[in-house]
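Take a look at the structure below.
The values are calculated or read from the model by the stated rules, or taken from the named source; none is laboratory data. Computed from a predicted structure; not experimentally measured. Don't worry about glycine lacking a Cβ; one is built from the backbone with ideal geometry, like all the others, and counts go over all protein chains shown.
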Amino acid sequence: MDDREWMYTGHRSKVDFTKEWMCKTDEFLESAFGEAGGRPIKALCPCSKCANRKRQNKVNVGKHLVNNGFTPNYTRWVHHGEGHRMREEVVRPRLEGFDADAGVADMLDDFHEAQYVEGRRLEEMDATTKAFYDMMESAQKPLHDRTTVSQLDAIGRVMGFKSQFSLGREAYDGMLALIGSLLLEGHILPKSMYESQKVLRALKMPYDQIDACPKGCVLFRKDHKDAKYCPKCESSRYLEVDSGDGQKRQLSIPLKVLRYLPFLPRMQRLYMTEESAKQMRWHKEDKRYNLDKMVHPSDGKAWTHFDRIHNDKAEEARNVRVALATDGFNPYGQMSAPYTCWPIFVIPLNLPPGVLLQRQNTFLSLIIPGHSGNNMGVYMEPLIDELILAWEDGV
Ligand SMILES: [Zn+2]
Ligand SMILES: [Zn+2]
């Protein structure tokens, strides 16, 4: 990072600032607003009054900066396009040293790539996106002045440790207090689970939770929505405790929870931008460059067979064909951790070979807790319902 001391030393008042300050502030404005080219017309104003809370056009930001100076401690221009680069400066050096442990940083990169296509404007951000950017800020904040470990990475590692040794909340809070007392003054390690979760909240994707029989016979939805015991094996849906008189009492804590993210809305989003809408018709309408090689599922026999038997559906190039994929996964990347889960992904196959398997086109649909055994079909019900809806009624 350039030395940004000039931002504050060069500006004493609206009539007293250095030439250097003026030139560099001009450069800042250029880089923040650019030459149109897809950049926003308005950007957050970093003057000491607006403090990156209000949007202004370029001329006004310039005026505000001359009148008010920069808001304190804004030497990393995270609100003005430096997000990604700064993050690498803070986090990458650490990763080089700890290659095997890319954990949170890698996941964030994935998440970022999956969510944000370059050039998408800030104005289009929804609440999830905003929460994500808040978290990105945490990924850019070093834990204290003398480290390259970010706040977010630190939280991720302590959380991973907690999971590995199945520590309770109390132990977690105690550990944070202990580590905190050993760190340099002014560190920003959270003091409790509650504070950690506040930082991580953006990672929570909006999903539905569906309780499942602990043995995996049924999902408690539709007909079984209100059932307290599995209609097949009579296992309790909720955690049970002894009430003292030999009777068992159900608490309100479900024993097994399936997490489900509807994929249809995300599929529809592929038709919201012209470029991806065009790509979704590729399999039918665009040129093949390798006629003698199989480069795409649509070159295969299964695809053409489908076209023959479902002629009406095959006619329309925009109809989406999907593949489902799954594999066991250990969320903390620690082989000894007792917890595994099975995510199920939906992949639209309409896209051209180059982008077909890119991360942003692979949609997480279900997270099955533990190993599904023979009951994969049960857990996949919500996803299948969506597919049937799309097949029969269309969306
Ligand atoms: Zn301002
Ligand atoms: Zn059961």
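Checked against (1) within 16 Å of ligand 2 (Cβ to nearest atom); (2) exposed (fewer than 10 other Cβ atoms within 10 Å of the Cβ), residue 239 passes all but a single condition, namely (2).
Conditions (1) more than 16 Å from ligand 2 (Cβ to nearest atom); (2) part of a loop (DSSP other than H, G, I, E, B); (3) among the small types (Gly, Ala, Ser); (4) in contact with a strand residue (DSSP E or B) (Cβ under 8 Å, 6 or more places away or on another chain), marked per residue:
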residue: 234; (1), (2), (3), (4): no, yes, no, no
residue: 267; (1), (2), (3), (4): yes, no, no, yes
residue: 276; (1), (2), (3), (4): yes, no, yes, no
residue: 283; (1), (2), (3), (4): yes, no, no, no
residue: 293; (1), (2), (3), (4): yes, yes, no, no
residue: 306; (1), (2), (3), (4): yes, no, no, no
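Count of the stretch 211-238 residues, restricted to those that are more than 20 Å from residue 372 (Cα to Cα) and of a type outside the set (D, E, K, R), is 1.
Show the residue pairs meeting these rules: Cβ distance below 8 Å; 6+ apart or different chains; first residue within the stretch 46-72 and without any contact (Cβ under 8 Å) to a residue 60 or more places away in the chain and part of a strand (DSSP E or B); second residue more than 8 Å from ligand 1 (Cβ to nearest atom) and among the basic types (Lys, Arg). Partner pairs satisfying both residue conditions: 55/42; 56/42; 57/42.
Kindly indicate whether any position in the stretch 312-322 is outside any strand (DSSP E or B), without any contact (Cβ under 8 Å) to a residue 12 or more places away in the chain, under 26 Å from residue 260 (Cβ atoms) and among the β-branched types (Val, Ile, Thr). Within the stretch 312-322, none of the residues are outside any strand (DSSP E or B), without any contact (Cβ under 8 Å) to a residue 12 or more places away in the chain, under 26 Å from residue 260 (Cβ atoms) and among the β-branched types (Val, Ile, Thr).
Just one of the numbered conditions (1) in a loop (DSSP other than H, G, I, E, B); (2) of a type outside the set (A, V, I, L, M); (3) on the phi < 0 side of the Ramachandran plot; (4) more than 27 Å from the chain's Cα centre (by Cα) is not true of residue 371: (4).
Determine, yes or no, whether residue 255 is free of Cβ contacts under 8 Å to residues at least 24 places away in the same chain, within 16 Å of ligand 2 (Cβ to nearest atom) and surrounded by 11 or more Cβ atoms within 10 Å (Cβ to Cβ). So residue 255 does not fit the description; no.
Condition check ((1) modelled with pLDDT of 90 or more; (2) of a type outside the set (Asp, Glu)) across all residues:
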position	(1), (2)
305	yes, yes
314	no, yes
336	no, yes
353	no, yes
385	yes, no
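Within the stretch 162-203, being farther than 23 Å from residue 136 by Cβ, under 26 Å from the mean Cα position of the chain (by Cα) and touching a residue at least 40 places away in the same chain (Cβ under 8 Å) holds for 163, 164, 166. Evaluate the following for residue 280: is it loosely packed, with under 15 Cβ neighbours inside 10 Å and closer than 16 Å to residue 357 by Cβ? No: the conditions fail for residue 280. Close Cβ contacts (under 9 Å, 6 or more residues apart or on different chains) running from residues in the stretch 351-365 that are among the β-branched types (Val, Ile, Thr) to residues that are assigned to a loop (DSSP other than H, G, I, E, B) are absent.
Regarding residue 238, is this residue in contact with a Leu (Cβ under 6 Å, 6 or more places away or on another chain), within 30 Å of residue 360 (Cβ to Cβ) and away from ligand 1 (no atom under 16 Å from the Cβ)? Against the criterion (in contact with a Leu (Cβ under 6 Å, 6 or more places away or on another chain), within 30 Å of residue 360 (Cβ to Cβ) and away from ligand 1 (no atom under 16 Å from the Cβ)), residue 238 does not qualify.
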